[in-house]
Amino acid sequence: MIANYGYVDGSGEFYISIDTDKCVPCDGKPCIAACPKSMFEKITDDYDDEVVWIKKAVTKSLKYECAGCKPASNRPPLPCVSTCPNDGIKHTW
């Protein structure tokens, strides 16, 4: 299942998508430690699987929370994306 966290405003769409099917087999959930803003946390989903989600407190401010990792130019690989061994995290912007 693809879980989308984020919002739309006048400047665009800002979503982080997590493919929970790819998240389930991941040992250690390295994206949690990789995020410098500590936006990820583990939860147990409706199917009793341990997955990662975006904390509710930051879902309406992703554009600003992710700004340190997503500069306008010369963007390095994103820590959360590059540490996900199963390619389960995507950003829309």
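Structure data summary
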read-out	value
Solvent-accessible area, 1.4 Å probe, carbon plus sulfur percent, for the chain	52
Difference of contour (0.36 nm per residue) and Cα-Cα distance, Ser38 to Ala67	9.1 nm
Computed label-point distance, nm, for sites Asp87 and Asp45 using a 7 Å Cα→Cβ extension	1.9
Surface accessible to a 1.4 Å probe, Asp48 within the full protein complex, Å²	130
Scaled radius of gyration (Cα, divided by 2.2 N^0.38 Å) that segment 45-89 gives	1.40
The chain, accessible area per residue, ligands and nucleic acids excluded (1.4 Å, Å²)	59
Computed accessible area, Lys70, all protein chains, 1.4 angstrom probe, square angstrom	20
Gyration tensor (Cα) of segment 15-65, equivalent ellipsoid semi-axes in angstrom	19, 12, 9
Cα-only radius of gyration and Dmax that characterise the chain, units Å	12.8, 40
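The values are calculated or read from the model by the stated rules, or taken from the named source; none is laboratory data. All values derive from a computational prediction rather than experimental measurement. Cβ coordinates were reconstructed from backbone atoms using ideal geometry, including for glycine residues, and neighbour counts include every protein chain displayed. Just the protein is used for accessible areas: all its heavy atoms, side chains included, with ligands, DNA and RNA removed. Shrake-Rupley method; radii C 1.70, N 1.55, O 1.52, S 1.80 Å.
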